[in-house]
1. Any idea which of (1) over 21 Å from Arg291 (Cα atoms); (2) touching a helix residue (DSSP H, G or I) at 6+ places or on another chain (Cβ under 6 Å); (3) not hydrophobic (A, V, I, L, M, F, W, C) is the one Glu70 doesn't satisfy?
2. With the structure loaded, tell me whether Lys99 is in contact with a Ser or Thr (Cβ under 6 Å, 6 or more places away or on another chain), crowded, with 16+ Cβ neighbours inside 10 Å and of a type in the set (D, E, K, R) or whether it fails that test.
3. Being at pLDDT 95 or above, open to solvent by less than 10 Å² (accessible area, probe 1.4 Å) and more than 19 Å from Asp38 (Cβ to Cβ) is the filter here; which residues of region 71-88 pass it?
4. For region 200-222, what are the residues that are within 20 Å of Ala301 (Cβ to Cβ), touching a residue at least 12 places away in the same chain (Cβ under 8 Å) and open to solvent by 10 Å² or more (accessible area, probe 1.4 Å)?
5. Considering only residues that are outside any helix (DSSP H, G or I), at pLDDT below 90 and open to solvent by 40 Å² or more (accessible area, probe 1.4 Å), which ones fall in region 316-338?
6. Just to verify a result, which residue in region 356-367, among those that are surrounded by 12 or more Cβ atoms within 10 Å (Cβ to Cβ) and not β-branched (Val, Ile, Thr), is farthest from Val292 (Cα to Cα)?
7. Among the residues of region 51-70, are any open to solvent by less than 30 Å² (accessible area, probe 1.4 Å) and assigned to a loop (DSSP other than H, G, I, E, B)?
8. Out of Glu193, Glu113, Glu169, Glu177, I need the residue that is at pLDDT 95 or above and part of a loop (DSSP other than H, G, I, E, B). Which one?
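The values are calculated or read from the model by the stated rules, or taken from the named source; none is laboratory data. Predicted model, so just to flag it, every value in this text is computed and none were measured. Neighbour counts are summed over all protein chains in view; Cβ atoms, including those assigned to glycine, are modelled from backbone coordinates with ideal geometry. Note: areas computed on protein heavy atoms with side chains; ligands, DNA, RNA excluded. Shrake-Rupley method; radii C 1.70, N 1.55, O 1.52, S 1.80 Å.
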Amino acid sequence: MDLPRNPTRAVNIGSITIGHGNPIAVQSMCATHTQDIDATVAQANALVAAGADVVRIAADSKPDAAALAEIRKQTTANLSVDLQENYRLAEIIGPHVDKIRYNPGHLYHHEREKPWQEKVKYIVGIAGETDCAIRIGVNCGSVDPAMADKYDDDDSISPMLESALDHCEFLDSLGFERYCVSLKDSDPQKVIEVNRRFAVERPDVPMHLGVTEAGMPPDGIIKTRIAFEQLISQGIGDTVRVSLTLPNSRKPEEIDAGRGILADIAAGRVRSFVDFQLDTLNIISCPSCSRVENEAFIELAQDVKEMTAYAKDHAITIAVMGCRVNGPGETDDADLGLWCGPTVVNLKKGPQSIGAFGYDEILPRLKAELDALIAGREAAGV
């Protein structure tokens, strides 16, 4: 569908172009381990067959990055690769992909003594040499710490917005124009607000939309729909992703969900107002991806949803995260958070760690904490 906002900057990503009135592109992400070349190629090709315009893959290490050379040979997908802490992997990755995605908050995890500008200049140099686009991917749970320190703890939107704007300005100063921006949160309301504010400040920049850790279907689709309807109907959004907690074999469902939402918006089948039911239980869980160290995370997320159904009328947020990269930070704002490692699940109450428990131990402990939280609120008349 055409975009009324019509950003002046168009960005080529492999065989597609986003921005400047081009159709909205749909993206998904491989959940396989990148070094498992056969599985990653199979999933990338399955996503393309389902209608994915862009397929994202994570690269956490040099072996991951090296595997991309062979993956590239075996798929026609427009590949977007997610740099994690080690920004220098861009040099290995660049020749084999169409877009490099970096997170401003993650730039601080490697070579901490160097300013972020020096690291971004390096990424931009590689992107220019290898004909790659760039996505500046700002996430609520891993925001630039220097930005976070400037604002009150209850203001998560302003540091995200300022970080995105600063990085755009810096890329502009380097003369690099093939970039887009994403600003993601697990709360659709915050996704709507931060993307609206960015679009006002930088109407020229193409934008990628998504609700991070949206969870399992159908809830995750509903949360994403709320944000997409409000933003795309105003012409905001050039690529989209529906991030769902799904087994590997079902990852193409993300594409079906995204296409379905876009078709409904184009046909005018939208809500007249946003009703996120904030007075009820809210379970957020991240999409399955190659960073997941134990696939039992996916089953655990479903078990948490089923076990906590009795608390559906309580305004409590429970976060279930699948890896150590985003898990620790992105559970801080939840009432109860679980982030999953290879053998244990780390349980948190807000930012406070309660302990690490085996996968077969975590549900009873979570229930005990949930019951205590409910009892405490009832005793306080909340």
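1. So the condition that Glu70 fails would be (1).
2. Values: in contact with a Ser or Thr (Cβ under 6 Å, 6 or more places away or on another chain): yes; crowded, with 16+ Cβ neighbours inside 10 Å: yes; of a type in the set (D, E, K, R): yes.
Answer is yes for this residue.
3. Within region 71-88, just Ser80 meets the criteria.
4. The first filter runs over region 200-222 and keeps only residues within 20 Å of Ala301 (Cβ to Cβ), leaving 210-222.
The next check asks that each one be touching a residue at least 12 places away in the same chain (Cβ under 8 Å); those that pass are 210-217, 219-221.
Of everything in region 200-222, those that are within 20 Å of Ala301 (Cβ to Cβ), touching a residue at least 12 places away in the same chain (Cβ under 8 Å) and open to solvent by 10 Å² or more (accessible area, probe 1.4 Å) turn out to be Thr212, Met216, Pro217, Asp219, Ile221.
5. Arg324, Asp332, Asp333
6. Residues of region 356-367 surrounded by 12 or more Cβ atoms within 10 Å (Cβ to Cβ): 356-357, 359, 361-363, 365-367.
Of the ones still in play, those that are also not β-branched (Val, Ile, Thr) are 356-357, 359, 361, 363, 365-367.
On the way: Ala356: 17, Phe357: 17, Tyr359: 14, Glu361: 19, Leu363: 19, Arg365: 22, Leu366: 21, Lys367: 24 Å.
The residue in question is Lys367.
7. Yes.
8. Numbers: Glu193 fails: part of a loop (DSSP other than H, G, I, E, B); Glu113 fails: at pLDDT 95 or above; Glu169 fails: part of a loop (DSSP other than H, G, I, E, B).
The conditions single out Glu177.
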